[in-house]
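Written below as structure tokens is the structure these notes are about.
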Amino acid sequence: MIGILIIAHAPLASALRDCALHVFPDCAAGVLALDVLADDAPEDSLQQARDAMTALATNEVLLLSDVFGATPCNVVRGLLQPGLVEGIAGVNLPMLIRALSYRNEPLRVVVEKAISGGREGVVHFDQETCERYE
């Protein structure tokens, strides 16, 4: 089973995890969050992320970060191992829910499903959209 570690600016990582566990409460052990504070040293965040990955107790991990190029994403960059530890920037709740829904699949499939979930979860919310779902 794929472990998922959310690394984002505080308090986003924990908030996303809490929301996801509202939907999938049985996934608590396989989904961890690392909230990066504004004054955290990058090397400290990197070590905390390594510790969190160890706590996931799995060889395959999906790392989800908020903003590409920001400190949380740079922490993710320091952890990547192609085929074993993959990262995605731009995390949102639909992305996380999709990743959790497919986390028993191979890592490459989880990455693809998470990205598509994140994209498909962004919808221009207007009257026409509402009428389609009534």
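The values are calculated or read from the model by the stated rules, or taken from the named source; none is laboratory data. Since we're looking at a predicted model, the values are computed, not measured. Glycine also receives a Cβ, built like all others from the backbone with ideal geometry; neighbour counts cover every protein chain displayed. Protein only, heavy atoms only, side chains kept; ligands, DNA and RNA dropped before computing areas. Shrake-Rupley method; radii C 1.70, N 1.55, O 1.52, S 1.80 Å.
Shown for the chain: the carbon plus sulfur share of the solvent-accessible area, taken with all protein chains present and a 1.4 angstrom probe, equals 54%.
For the chain, what is the accessible area per residue in Å², given a 1.4 Å probe and the full set of protein chains?
Spelled out: the 1.4 Å probe surface of the chain, per residue, equals 56 Å².
Around the amide H of Ala33, modelled in the peptide plane, lie the amide H atoms of Ile6, all under 5 Å away and 5 or more residues distant in sequence or on another chain.
Solvent-free Debye calculation, one equal scatterer per alpha-carbon of the range 40-134: log10 I(q)/I(0) at 0.15, 0.20 Å⁻¹ equals -0.64, -0.98. When Tyr102, Tyr133 are compared by accessible area at a 1.4 angstrom probe, the order from most to least is Tyr133, Tyr102. For Pro72, neighbours were defined as the other residues whose beta-carbon sits under 15 Å from its Cβ, and their charges (Lys and Arg +1, Asp and Glu -1) total -3.
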